[in-house]
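The values are calculated or read from the model by the stated rules, or taken from the named source; none is laboratory data. On a predicted model such as this, the values are computed, not experimentally measured, just so you know. So basically every Cβ, Gly included, is an ideal-geometry build from the backbone, and we count neighbours across all protein chains shown. Each accessible area value is taken on the protein alone, full model and side chains, heavy atoms only, with ligands, DNA and RNA left out. Shrake-Rupley method; radii C 1.70, N 1.55, O 1.52, S 1.80 Å.
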Amino acid sequence: MKHFICKNCGEKVPLEAYGTKHRNHCPKCLYSLHVDVKKGDRDAECDGLMQPVGKFYKEDGEEVLVHKCIDCGFLRWNRVAGDDSFEAVAALPEVPDPR
Ligand SMILES: [Zn+2]
Ligand SMILES: [Zn+2]
């Protein structure tokens, strides 16, 4: 199975997980990488570490993570994956919907 190594905590992360097709963040520390311009395209040249800065709730109650690139400040939001650390998600502050 394809995987990536988390640049923040070193966790070996399988790319496919329950509830997500384009996994782009670490289920353990929730950090992501700035690799996409549009979701899943892997076209960004930044490659910076993206820090989970908060979460918000969609109209249907789904929890969405907000990531911010440490290098360039790019903001992106991502669905919570089925195996993301519950404690890590719970520890994030709730932020206004950035969409
Ligand atoms: Zn990690
Ligand atoms: Zn960036």
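Brief remarks on what is shown
- Above-threshold pairs, the threshold being 26 Å between Cα atoms, out of 2/58; 12/58; 28/58: 2/58; 12/58
- Accessible area per residue for the range 3-91 is 58 Å², calculated with a 1.4 Å probe on protein heavy atoms, without ligands, DNA or RNA.
- Selection from 95, 35, 57 lying farthest towards where the dipole of the chain points positive, charges on Cβ: 35
- Within a Gaussian network of the chain (alpha carbon springs, distance under 10 Å), most fluctuating of 52, 14, 27: 14
- Separation of the residue 9 and residue 86 label points, Cα + 7 Å toward Cβ, nm: 1.6 nm
- Difference of contour (0.36 nm per residue) and Cα-Cα distance, residue 63 to residue 17: 14.9 nm
- Prolate/oblate/rounded label for the range 3-91 (Cα gyration tensor, a/c 1.5): rounded
- Once the GluC sites (Glu not before Pro) in DSSP loops with at most 12 neighbouring Cβ atoms within 10 Å are cut out of the chain, the longest remaining piece is 63-99.
- The chymotrypsin sites (Phe, Trp or Tyr not before Pro) of the range 1-62 that DSSP puts in a loop, and whose beta carbon has at most 15 other beta carbons within 10 Å, are 18.
- Among residues other than residue 62 with Cβ under 14 Å from its Cβ, the summed charge is -2 (Lys and Arg +1, Asp and Glu -1).
- Solvent-accessible area, 1.4 Å probe, carbon plus sulfur percent, for the range 3-91: 51 percent
- Using a cutoff of 8 angstrom between alpha carbon atoms and counting only pairs six or more residues apart, the relative contact order for the range 2-99 works out to 23 percent.
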